[in-house]
Amino acid sequence: MKKMLLVGRSESGKTTLTQALKGKKVSYHKTQYIHYHDVIIDTPGEYAENRNLSLALALYSYEADVVGLLISATEPYSLFPPNVAPCVNREVIGIVTKIDQDDADPIQAEIWLRLSGCQKVFHVSAVTGDGIRDLLTYLLESPVISL
C-alpha cells in the first residue's frame with residue numbers, strides 16, 4: 001500500500017478522512033501535531049497555512065509515496081498556489097472532501113486542485129463513504145518504481 005501524506009487547511013477533513021480510510025468510527029478530533037499512522041501521515045492544517053511551519057510538510061513528503069492535497073467542497077478559496085504539484089518529487093493527488101454537504105461545490109474544488117497540478121482527483125465523503133473505495137483502490141495499487 002502506498003504511504004500518503006495529507007495536506008490541507010484546518011477543517012478540510014484530513015483526520016476524518018484518515019478515520020474513514022482506516023474503517024474507524026468518524027469523530028471530530030483536532031490534529032495538534034503530525035500523526036504518523038502506518039500508511040497515512042496526518043498533518044495539522046496550520047502547517048499548510050503558515051509559511052514558517054510549511055517546511056515541515058516538505059520534510060514529511062520524503063516519508064510518503066504520494067502527497068494528497070485536500071480541499072473541502074465547501075471552501076470559498078484554495079490554499080494551494082497554481083502548479084505547486086510539480087515542486088514535489090512524489091506523485092501529488094487531489095482529494096475533494098465533504099462532497100455530501102448541502103453547500104458543497106465539488107466541481108470548483110476540483111478545478112482548484114487541477115490548477116495546482118493534480119492529475120488525479122478523488123471526490124470523497126467520510127460521512128457517507130462515497131469515493132472512499134476508489135481512493136483505497138488507488139492506494140493499494142503497487143507503487144511505480146522507475147530506474
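In terms of packing, defined here as the mean over residues of other Cβ atoms within 10 angstrom, the peptides 106-117, 3-14, 82-93 line up highest first as 3-14, 106-117, 82-93. Residue-wise HN-Hα couplings along segment 95-108, as the Karplus relation 6.51 cos²θ - 1.76 cosθ + 1.60 with θ = phi - 60° gives them from phi, are 10, 8, 9, 6, 5, 8, 5, 4, 9, 6, 10, x, 5, 4 Hz; Gly and Pro carry x. Residues whose amide H falls under 5 Å from that of F122, counting only those 5 or more places apart or on a different chain, are G94, I95, V96, with hydrogens built in the peptide plane. If the Kirkwood radius is taken over C-alpha pairs of segment 1-130, then at 4 °C and 1.567 mPa s the Stokes-Einstein diffusion coefficient equals 90 µm²/s. Toward the positive end of the charge dipole of segment 4-137, with +1 on the Cβ of Lys and Arg and -1 on the Cβ of Asp and Glu, the farthest Cα among V121, L21, S72 is that of L21.
Summing +1 for each Lys or Arg and -1 for each Asp or Glu among the other residues whose beta-carbon sits under 10 angstrom from that of A73 gives -4. When each of the peptides 65-75, 95-105 is scored by the mean number of other C-beta atoms lying within 10 Å of its residues, the order from highest to lowest reads 65-75, 95-105.
Just so you know, all these numbers are worked out from the coordinates, no wet-lab data involved. Computed from a predicted structure; not experimentally measured. All Cβ positions, even for glycine, are placed from backbone atoms using ideal geometry, and neighbour counts span all protein chains on display.
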